[in-house]
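One structure is given below, encoded as structure tokens.
The values are calculated or read from the model by the stated rules, or taken from the named source; none is laboratory data. All figures in this text were calculated on a predicted structure; none of them were measured in a lab. Cβ coordinates were reconstructed from backbone atoms using ideal geometry, including for glycine residues, and neighbour counts include every protein chain displayed. For the accessible areas, the whole protein counts, side chains as well, though only heavy atoms, and no ligand, DNA or RNA atoms are used. Shrake-Rupley method; radii C 1.70, N 1.55, O 1.52, S 1.80 Å.
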Amino acid sequence: MKLDCITLQHLRMPLVSPFETSFGVTADRECILISILFDGLTGYGECVADRDPGYSYETVGTAWHILKDFISPVMLGNNVSTAEDFQGLIGQIRGHHLAKAGMEMALWDLRGKLEHHSLKNMLGGVRDRVAVGVSVGLQASPEILVKTVEKYLVDGYQRIKIKIKPGRDVGDTAAVRNAFPEIKLQVDANSAFSLETWETLKPLDVLDLLLIEQPLHEDDIWDHRVLQKALRTPICLDESIITPRHARYALEMEACKIINIKAGRVGGISQAVAIHDLCRDKGIPVWCGGMLETGVGRASNLALASLPGFILPGDISASNRYYAEDIIEESFSLNSGSTIDVPDGVGLGVTMNQCAVKKFSLEKLRLKAD
Ligand code: OSB
Ligand code: MG
């Protein structure tokens, strides 16, 4: 199919509470909503680049440029029906995975709507609901952190991830572990440590953590291998795994024992599935990471996490953990047992709330084939 039109919308949405990581504080989440039109149907995708280049070098600004000037012309000028077609055509555009993944998501949604399939079924998902946890940002003190974690446990989350950074590492983690000796607990450093400073993390090894996520540099694999050799706790890579090849490098180097999969980071759902398949072949557990998505990206994450290899709880929390008002009509809620239902409608299975989209929109651009 050849698209009729593409719309990019830069959104800014207030989070219910600011989210602090080792790379900064986010109070309002920004993203790009991508709409692609064909034959009266619209496919939606979310590009998860944020305002600042904290997690990734990509920002809303760079993704807007790449989507407008490089990816959209390819989409409007060619017959593109499948993710495979899409990946083939954008092969000449180096990097910019968050931008590419946003467009691939819209293509999956549109294809699902055209062919009357849910994303879950198109991907080969095997679960109707997926196990989830919550990612808790850095708090003002370990005491406040324990209170915040307690609130999420009361809400029903059965797996807690806390953010750490130098100076706010072992103390915070031990406080949570001491307050809740039995819970599934993991930590995420977002690349805040180095081989020179990692030894402060050594006491984490006796806190019975599910995993330590991305302790070292975002572009490193080798030093993680060195660190994994020194730790019992599994290292899980997030930022470092940007393609299926990088997943293979990490596994061959034994740099990690677990991989966090985010479709955005790896350049699309198709690439996320490829990493899932590789890890499954090698017996490596994976889980679905999150980027504080709107309901659009959350629906995509839920479908992805329904694949069989996603055996650890994902960073996919209920809608009300992120936003008081979302851009979709549906709202994802937590079931007892710390799961969320996978949408079963066609495509992503969500309905846009156009009033909310308009309310949060900072800029809108319509692109047509010439
Ligand atoms: O490192 O997993 C991360 C949010 C933004 C950027 C990076 C990360 C995160 C999270 C939140 O941890 C996960 C979520 O969406 O709930
Ligand atoms: Mg992470």
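Among the residues of segment 331-350, are any open to solvent by 10 Å² or more (accessible area, probe 1.4 Å), part of a helix (DSSP H, G or I) and hydrophobic (A, V, I, L, M, F, W, C)? Working first, answer last.
Our first condition is that a residue be open to solvent by 10 Å² or more (accessible area, probe 1.4 Å); within segment 331-350, this holds for 331-337, 339, 341-346, 349-350.
Filter once more, so that each one left must be part of a helix (DSSP H, G or I): none.
Among the residues of segment 331-350, not one is open to solvent by 10 Å² or more (accessible area, probe 1.4 Å), part of a helix (DSSP H, G or I) and hydrophobic (A, V, I, L, M, F, W, C), which makes the answer no.
Can GLY137 be described as over 28 Å from GLU104 (Cβ atoms), surrounded by fewer than 22 Cβ atoms within 10 Å (Cβ to Cβ) and within 16 Å of ligand 1 (Cβ to nearest atom)? Steps first, please.
Details: over 28 Å from GLU104 (Cβ atoms): yes; surrounded by fewer than 22 Cβ atoms within 10 Å (Cβ to Cβ): yes; within 16 Å of ligand 1 (Cβ to nearest atom): yes.
Yes, satisfied.
For segment 199-220, which residues satisfy the criterion of being under 23 Å from ASP315 (Cβ atoms), touching a helix residue (DSSP H, G or I) at 6+ places or on another chain (Cβ under 9 Å) and surrounded by fewer than 20 Cβ atoms within 10 Å (Cβ to Cβ)? Before the answer, list the steps.
First pass over segment 199-220, keeping only residues under 23 Å from ASP315 (Cβ atoms): 201, 204-205, 207-220.
With the extra rule that they be touching a helix residue (DSSP H, G or I) at 6+ places or on another chain (Cβ under 9 Å), the set shrinks to 201, 204-205, 207-209, 212, 214-217.
ASP205, LEU207, ASP208, HIS217 - these are the residues of segment 199-220 that are under 23 Å from ASP315 (Cβ atoms), touching a helix residue (DSSP H, G or I) at 6+ places or on another chain (Cβ under 9 Å) and surrounded by fewer than 20 Cβ atoms within 10 Å (Cβ to Cβ).
Do we find a residue being of a type outside the set (Ser, Thr, Tyr), in contact with a Gly (Cβ under 7 Å, 6 or more places away or on another chain) and within 13 Å of ligand 2 (Cβ to nearest atom) anywhere in segment 213-230?
Residues of segment 213-230 of a type outside the set (Ser, Thr, Tyr): 213-230.
With in contact with a Gly (Cβ under 7 Å, 6 or more places away or on another chain) added as a condition, the list becomes none.
No: zero hits.
Any residue at all in segment 167-176 that's within 15 Å of ligand 1 (Cβ to nearest atom), of a type outside the set (A, V, I, L, M, F, W, C), assigned to a loop (DSSP other than H, G, I, E, B) and in contact with a helix residue (DSSP H, G or I) (Cβ under 7 Å, 6 or more places away or on another chain)?
no
Which condition does THR233 not pass, out of (1) within 13 Å of ligand 2 (Cβ to nearest atom); (2) crowded, with 18+ Cβ neighbours inside 10 Å, if it passes all the others?
Here THR233 clears every test but (1).
Can you find a residue that is at pLDDT 95 or above, within 22 Å of GLY88 (Cβ to Cβ) and small (Gly, Ala, Ser) anywhere in segment 271-286? I'd like the intermediate steps shown before the answer.
Quick first cut of segment 271-286, residues at pLDDT 95 or above only: 271-286.
Right, trim to within 22 Å of GLY88 (Cβ to Cβ) and you get 271-278.
Filter once more, so that each one left must be small (Gly, Ala, Ser): 272, 274.
Yes, segment 271-286 contains at least one residue that is at pLDDT 95 or above, within 22 Å of GLY88 (Cβ to Cβ) and small (Gly, Ala, Ser).
Name the residue, out of GLY297, GLY290, that is open to solvent by 10 Å² or more (accessible area, probe 1.4 Å) and in contact (Cβ under 8 Å) with a residue 24 or more places away in the chain. Before the answer, list the steps.
Numbers: GLY297 fails: open to solvent by 10 Å² or more (accessible area, probe 1.4 Å).
Going through GLY297, GLY290 in turn, the sole match is GLY290.
Can you find, within segment 26-55, the residue that is farthest from TYR152 (Cα to Cα) among those that are outside any loop (DSSP other than H, G, I, E, B) and without any contact (Cβ under 8 Å) to a residue 24 or more places away in the chain?
Within segment 26-55, the first condition is being outside any loop (DSSP other than H, G, I, E, B), and the residues that meet it are 26-38, 41-47.
Still in the list and also without any contact (Cβ under 8 Å) to a residue 24 or more places away in the chain: 27-28.
Values: ALA27: 19, ASP28: 21 Å.
Top of the filtered list is ASP28.
Tell me, please, whether a residue that is more than 18 Å from the chain's Cα centre (by Cα), assigned by TED's automatic domain parsing to the domain that holds LYS165 and touching a residue at least 40 places away in the same chain (Cβ under 8 Å) can be found in segment 238-256. Step through it out loud before you land on a result.
Step one: list which residues in segment 238-256 are more than 18 Å from the chain's Cα centre (by Cα), which gives 245, 248-256.
Next, from what is left, pick out any that are assigned by TED's automatic domain parsing to the domain that holds LYS165: 245, 248-256.
Going one step further and asking which of them are touching a residue at least 40 places away in the same chain (Cβ under 8 Å), we end up with none.
No, there is no match, as no residue in segment 238-256 is more than 18 Å from the chain's Cα centre (by Cα), assigned by TED's automatic domain parsing to the domain that holds LYS165 and touching a residue at least 40 places away in the same chain (Cβ under 8 Å).
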